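The block underneath contains the structure these notes are about, expressed in structure tokens.
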Amino acid sequence: MPDPVEKQAKPERPVVDRKARLAAPSHRPTKQKPDARIGNWDEVTNLFDPGIAMQEAARCIQCPAAPCQKACPVHNDIPRAFWMLENNDFNGAANVFRETSELPEMCGRLCPQERLCEGHCVVGKNALPVAIGKLETFVSEWQRANSPVPATPVAPTGKRVGIVGSGPASIAVAERLAKQGHAAVIFEAWPTAGGVLRYGIPTFKLNKPAVDRKFRDLEALGVEVRTNTRVGEDVDWAQLTAEFDAIFVGIGAQTGTRLGIPGEDAAQVLTATNFLVRTNLPESDLPESMREPLGSPRRVVVVGGGDTSMDCVRSARRLGAEDVTLVYRRTEAEMQGRVEERMHANEEGVQFEYLAAPLAVLLGDAGEVRGLRCQRMALGPADDTGRRRPEPVPDSEFDLPADMIVVAIGYGVDEDWGEVVPDMVRDRWARIVADPDTLQTNLPGVFAGGDDVNGADLVVTALADGHRAAEAISAYLATK
Ligand SMILES: Cc1cc2nc3c(=O)[nH]c(=O)nc-3n(C[C@H](O)[C@H](O)[C@H](O)COP(=O)(O)OP(=O)(O)OC[C@H]3O[C@@H](n4cnc5c(N)ncnc54)[C@H](O)[C@@H]3O)c2cc1C
């Protein structure tokens, strides 16, 4: 697909004293101290102080080529926003982010900026990059606190779009179509809307009132959200196709991968999502079946090596576990998650057991979890992901004591979706097959995007899919 930034003429950028800006000191917002933060579920990183934010924005050298903007999957015009911010127009800066993103509050907090915008920041070649993510969070939160987020109602077109799932991809589709006057109705299986923004990402990375505010925006635009409604169970596909002119499927990738080892069915072995939602959310946000309290495990072992596993170990510390260990079959160098998250986990007292793979859950006489039997691994040649393959070391078994084990080794798309819509073409990993430009599936008027098409990915890539799908749905509706 052509790059929308490449297509445009290069914008005029203000002329600034680059040398002075490159020499200016960098700034980062303050954080809660590790000892304090493991005693609460509040966000770890504080918002920038306004004056400091202006100084940090003024480190941007206003490159006309803006590699940061190109590297951003939704192509936020970062230099333009930061020029406004450094010139005291916080509202204008927030609106620049909102031109291309429905979720700047979330992306600022959650994107892996080190491999997206900040990873391409020219200032970062010789110094710390401009703190793009933290500044995006700052301006969008400043706007929330000080001025209404603009929403202009438009005349209804009479066209209706059904949206399955309420994660970032669906949010983008709903907002963009509602702003064009189409009626958007979201169907969400969980009791509350937000997808992984609510049911997965811990509150210490993203506070849930930020998610509530987003849904209030959508409500103000006339978007209807039907929670506790699983398509395929509470409403069937035929009802959707009869009620709507077009459908967007944004069901995410929410099925936790299993370890496939003996003892895994024990009650104290939990999937990452089950553990995260029961630790981070109030009972009222959970379905009845998940309301049983987790108790107070003293020793928790988490298996995995990505950001979700960091969310789990850090949640375990906040739950009060004294001894929290991460088991990962490769070394830190092969870990794919954010460095910042690992640093936070380290600071919070998590132990890392690298080059170890689980063999069996150890159970007591009453079937309770007593520990995890592991085996040492060594790194062999690279596999098809380019990372060195872990290989078992003979006679290297060892046991880690544990009262609870959390499995955070990846997510896949719900296999059962094939039973809900048997005619929808999916690949061998159960991902929905959609046209890369329009995100149209093989079914007329049915579009899909986000993790259910890409596999487990990012908030911002789901948003980008939502943008392309909304454009294609809008074009499709115009033909009806
Ligand atoms: C624990 C965790 C931490 C993460 N941390 C980060 C992070 O820090 N940064 C980042 O960028 N990304 C992160 N991600 C990934 C990111 O959250 C996802 O890529 C993103 O949410 C995908 O958006 P989506 O719209 O495709 O689907 P989702 O957010 O998965 O939403 C899908 C929704 O569809 C609903 N649904 C499913 N089936 C049905 C049905 N049949 N009927 C009705 N509703 C249905 C689900 O209940 C869910 O609410 C994380 C993921 C997890 C699991």
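Any read-out appearing in this document is the output of simple, stated calculations on the displayed coordinates, not a laboratory observation. Everything numeric here is computed off the predicted structure, so don't read it as measured data. Using ideal geometry, Cβ is built from the backbone for each residue, glycine included, and neighbour counts are taken over all protein chains shown.
Annotations for the structure displayed:
- When only Cα pairs below 8 angstrom with a gap of at least 6 residues are kept, the chain shows a relative contact order of 15 percent.
- The charge dipole of the chain, taken about its Cα centre with unit charges on the Cβ atoms of Lys, Arg (+1), Asp and Glu (-1) only, comes to about 1540 debye.
- Relative contact order [Cα under 8 Å, 6+ residues apart], the stretch 258-409, whole percent: 31 percent
- When the trypsin sites (Lys or Arg not before Pro) in the stretch 251-322 are filtered for DSSP coil states and for at most 16 other beta-carbon atoms within 10 Å of their beta-carbon, the remaining sites are R258, R291, R298.
- Cβ-placed point charges (K, R +1; D, E -1), dipole of the stretch 358-480 about Cα centre in debye, nearest 20: 320 debye
- Unit charges at the beta carbon, dipole of the chain: most positive-side option, A220, S26, A462: S26
- Partners for K480 among lysines (Cα-Cα distance below 27 Å; same-chain residues under 8 apart left out): K159, K179
- Under 17 Å from a label point set 7 Å out along the Cα-to-Cβ vector of K125, the amide N atoms of the stretch 61-89 belong to 61-71.
- Most positive-pole-ward Cα, G263, W41, Y199, against dipole of the chain from beta carbon charges: W41
- Compactness of the stretch 258-409 - radius of gyration and Dmax, Cα, Å: 15.4, 49
- Neighbour cut-off at most 13 other Cβ (10 Å), DSSP loop, GluC sites (Glu not before Pro), the stretch 326-417: E368, E415
- Of P104, N346, F82, farthest towards positive along the dipole that unit charges on Lys, Arg, Asp, Glu beta carbons give the chain: F82
- Listed peptides 72-78, 159-165 appear in the order 159-165, 72-78 once ranked by packing, highest mean of other Cβ atoms within 10 Å at the front.
- Dividing the convex hull volume of the alpha carbon atoms of the chain by its residue count gives 158 Å³ per residue.
- DSSP-loop GluC sites (Glu not before Pro) across the stretch 230-307, with at most 11 other Cβ within 10 angstrom: E233
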